[in-house]
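Structure record follows, encoded as structure tokens.
The values are calculated or read from the model by the stated rules, or taken from the named source; none is laboratory data. Note that the structure is predicted; figures quoted are calculated from it, not measured. Note that each Cβ is placed from the backbone with ideal geometry, even for glycine, and that neighbours are counted across all protein chains shown.
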Amino acid sequence: MDTLPAIRARGIAKRFGDVIALDDVDLEVTQGRIHGLVGPNGAGKTTLLGLLLGLAVADGGRLEILGTPVGRTLVAPEGVAGFVDGPGHYPSLTARQNLAALAALRGREAPTAGIDDVLGQVGLTDVADDRARGFSLGMRQRLGLAAALLTKPRLLVLDEPSNGLDPAGKKHIHGVLGRLAADGTAVVLSSHRMDDLEALCSDVTILSTGRVVYSGPLSRLAAENRELDYRVLTSDPKAARVLAAGTPGIQVVDDGTTPPDAEQLVVRARVPVLDELVVQLVHAGIALRELAPVVSPLEAAFLALTEQQQEAGR
Ligand SMILES: Nc1ncnc2c1ncn2[C@@H]1O[C@H](COP(=O)(O)OP(=O)(O)O)[C@@H](O)[C@H]1O
Ligand SMILES: [Mg+2]
């Protein structure tokens with residue numbers, strides 16, 4: 001496979017008046033990979049995706065898409081498709097007519113077979129001849145994806161594509177994106193759901209107030225050795241609580257239930273210290289029934305990184 005990066009961005013800057021939307025952003029996305037963009041509201045995700053689609057021009061930095069430098073004029077880079085801020089559509093046209101109209105706008109007639117194929121891929125075959133006006137957000141997301149697929153992109157850019165999709169719909173769309181990536185298409189998508197990204201992405205970039213706080217493989221983010229909150233269920237919650245409180249490196253956390261639920265013990269610790277606690281529990285004749293992180297390691301890493309950044313910005 002071609003090893004040319006789908007996206008190579010260096011030092012990208014973008015401001016809107018006094019607001020710095022993107023500040024010295026680097027991004028590298030390889031072909032055939034699904035790259036997630038995460039960050040709190042206002043972090044700059046949509047702005048960055050818009051630059052990739054040629055909807056806006058950066059104020060500074062260098063951007064190469066599929067090997068071609070992006071210039072100062074507003075043009076959609078060749079081989080790129082997608083949408084930001086929700087997919088556009090003509091409400092009075094059917095799903096099928098929408099796709100035909102979009103193809104016509106691009107100055108090429110789409111073969112009917114191509115339209116049927118993408119409608120099938122995104123699961124809209126049954127409503128292909130219904131007007132888009134009545135479509136739910138999830139159906140409009142599917143229509144937007146179909147429109148992008150029709151152009152056979154080598155880079156697909158999607159802003160919050162899971163919004164409005166039910167769990168089955170999400171799984172379906174994840175399947176579509178996975179197959180595209182397997183065929184060599186690079187996919188960049190934003191999401192505020194870490195569980196979606198865990199299911200889908202090989203790499204993530206975390207943005208916080210316009211700056212990159214992490215960019216790289218998802219696996220590296222998850223593996224970072226940081227303190228996490230764990231829920232510990234045992235045969236003797238009271239004794240377990242006393243033991244945990246007396247173990248160095250372990251902090252007993254109020255899990256937010258008031259008054260504290262005596263049955264439920266939440267501890268904050270790194271894995272090696274947690275191992276020690278488990279051994280001690282068993283030594284003391286207390287049976288361990290369940291031990292699980294309160295939030296996923298990725299979610300915890302994400303929260304920690306974005307909180308640090310926001311505190312630094314204050
Ligand atoms: N067209 C615009 N005009 C003015 N400010 C904007 C515009 N687009 C985005 N911003 C600002 O830039 C920042 C980043 O926005 P955005 O990229 O939409 O973030 P996200 O998609 O991560 O929520 C925000 O502070 C937002 O208010
Ligand atoms: Mg956004």
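Key figures for this structure:
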| item | result |
| --- | --- |
| Qualifying position, being surrounded by 16 or more Cβ atoms within 10 Å (Cβ to Cβ) and more than 16 Å from ligand 2 (Cβ to nearest atom), among Thr234, Thr205 | Thr234 |
| Hits in the range 27-45 (condition: surrounded by fewer than 19 Cβ atoms within 10 Å (Cβ to Cβ) and either over 28 Å from Lys152 (Cβ atoms) or within 16 Å of ligand 1 (Cβ to nearest atom) (or both)) | Pro40, Asn41, Gly42 |
| Helices (runs of 4 or more DSSP H) within the range 118-220 that include 2 or more residues under 30 Å from Gly11 (Cβ atoms) and in contact with a strand residue (DSSP E or B) (Cβ under 7 Å, 6 or more places away or on another chain) | 167-182, 194-200 |
| Members of the range 72-88 that are within 16 Å of ligand 2 (Cβ to nearest atom) and under 15 Å from Val187 (Cα atoms) | Gly82, Phe83, Val84 |
| Some residue of the range 22-34 being acidic (Asp, Glu), out of contact with any Asp or Glu (no Cβ under 8 Å at 6 or more places or on another chain) and closer than 30 Å to Ala182 by Cβ | yes |
| Test result for Gln264, of a type in the set (S, T, N, Q) and modelled with pLDDT under 95 | yes |
| Candidates Leu156, Leu150, Leu200 - the one that is away from ligand 1 (no atom under 16 Å from the Cβ), farther than 18 Å from His89 by Cβ, modelled with pLDDT of 90 or more and surrounded by 14 or more Cβ atoms within 10 Å (Cβ to Cβ) | Leu200 |
| Residues (surrounded by 17 or more Cβ atoms within 10 Å (Cβ to Cβ) and charged (D, E, K, R)) located in the range 208-231 | Arg211, Glu227 |
| Residues of the range 51-71 classified as crowded, with 17+ Cβ neighbours inside 10 Å and free of Cβ contacts under 8 Å to residues at least 24 places away in the same chain, total | 1 |
